[in-house]
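The values are calculated or read from the model by the stated rules, or taken from the named source; none is laboratory data. Computed from a predicted model, the values in this text were never measured in an experiment. Quick reminder, even Gly has a Cβ in these numbers, built from the backbone with ideal geometry, and neighbours come from all protein chains shown. To get the accessible areas, we keep the full protein, side chains included, count just its heavy atoms, and leave off ligands, DNA and RNA. Shrake-Rupley method; radii C 1.70, N 1.55, O 1.52, S 1.80 Å.
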Amino acid sequence: MPRQFFVGGNFKMNPISRAQKKIIINELNAADLDPNTEVVIAPPSLYLLPLKDIVRNDVKVSAQNCYCKTSGAYTGEISPAQLADAGVPYVILGHSERRTLFHETSELVAQKTKAALDGGLSVILCVGETLQEREAGKTTQVVENQLQAAAAVLNESDWGRVVIAYEPVWAIGTGKVATAAQAQEVHAYIRKYLSTAVSAAVSNNTRIIYGGSVTASNCKELSTQIDVDGFLVGGASLKPEFVDIINVKRN
């Protein structure tokens, strides 16, 4: 069975007003979207529930983060149980901004991933290397280490609700984009790793999406690569061109 194309929009800490949020959602609601593509948007947590109530039914919402505990004295955190109870189906975990700015280790990301899956959520699990790591020829080693932490705590059945997002850190918000060949090379490596570390079925069925300065102008070539199953879009998800990215496979 072919893997369903997936386009996620990570709003990050944007927009800064409810009025702007409404404009973005109104444009999305009015758009003609490819029904064969799974679309998920991740607004700031403050906007999650109000946005969920106004966005069209064929667009899912995602949290940008959650903690690895169900409840307790963890000021500022959101639990998987709270998200699931609120009807939020997805969460983004392991984004490079969480790893670098907030010092999240791969082991913590793995614990969060396991807790989110156990809590009934689906996970967009982010991996990727820095520019220094790529220039040192360590891309596959870094990505494998990040995935290894998750593989150590997940059951084979867990992977059915994981979307892996390969996001080279040097391409996030910089305007630099991995070439289609660079993206395909890493995606193929991830798929090979899953086959060895988990199973052939998980390798074949897991969607591996690309993130890093994705725009309407560069997504077409990337989308033609055999192991690129979609995108995690940053800044462009706040703009009208997000619709063009969602519809990239339509023709």
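For the residues 224, 196, 206, the requirement of being under 15 Å from the mean Cα position of the chain (by Cα) and modelled with pLDDT of 95 or more singles out 206. On the stretch given as the range 32-56, residues that are in contact with a strand residue (DSSP E or B) (Cβ under 6 Å, 6 or more places away or on another chain) and either charged (D, E, K, R) or at pLDDT below 95 (or both) total 2. Would you confirm whether or not the range 49-57 contains a residue that is part of a loop (DSSP other than H, G, I, E, B), in contact (Cβ under 8 Å) with a residue 12 or more places away in the chain and within 18 Å of the chain's Cα centre (by Cα)? No, the range 49-57 contains no residue that is part of a loop (DSSP other than H, G, I, E, B), in contact (Cβ under 8 Å) with a residue 12 or more places away in the chain and within 18 Å of the chain's Cα centre (by Cα).
Scan the range 186-206 for residues that are among the aromatic types (Phe, Trp, Tyr) and either free of Cβ contacts under 8 Å to residues at least 24 places away in the same chain or open to solvent by less than 30 Å² (accessible area, probe 1.4 Å) (or both) and jot them down. Can you show your working first?
Here is the first cut: in the range 186-206, the residues among the aromatic types (Phe, Trp, Tyr) are 189, 193.
Across the range 186-206, the qualifying residue is only 193.
Taken residue by residue, the range 15-31 has at least one member that is open to solvent by 50 Å² or more (accessible area, probe 1.4 Å), more than 19 Å from residue 216 (Cα to Cα) and either touching an Asp or Glu at 6+ places or on another chain (Cβ under 6 Å) or not in a helix (DSSP H, G or I) (or both). For beta carbons closer than 7 Å, sequence separation of 6+ or different chains, a first residue in the range 207-235 that is within 14 Å of residue 2 (Cα to Cα) and a second that is aliphatic (A, V, I, L, M) and open to solvent by 20 Å² or more (accessible area, probe 1.4 Å), the qualifying pairs are 227/188.
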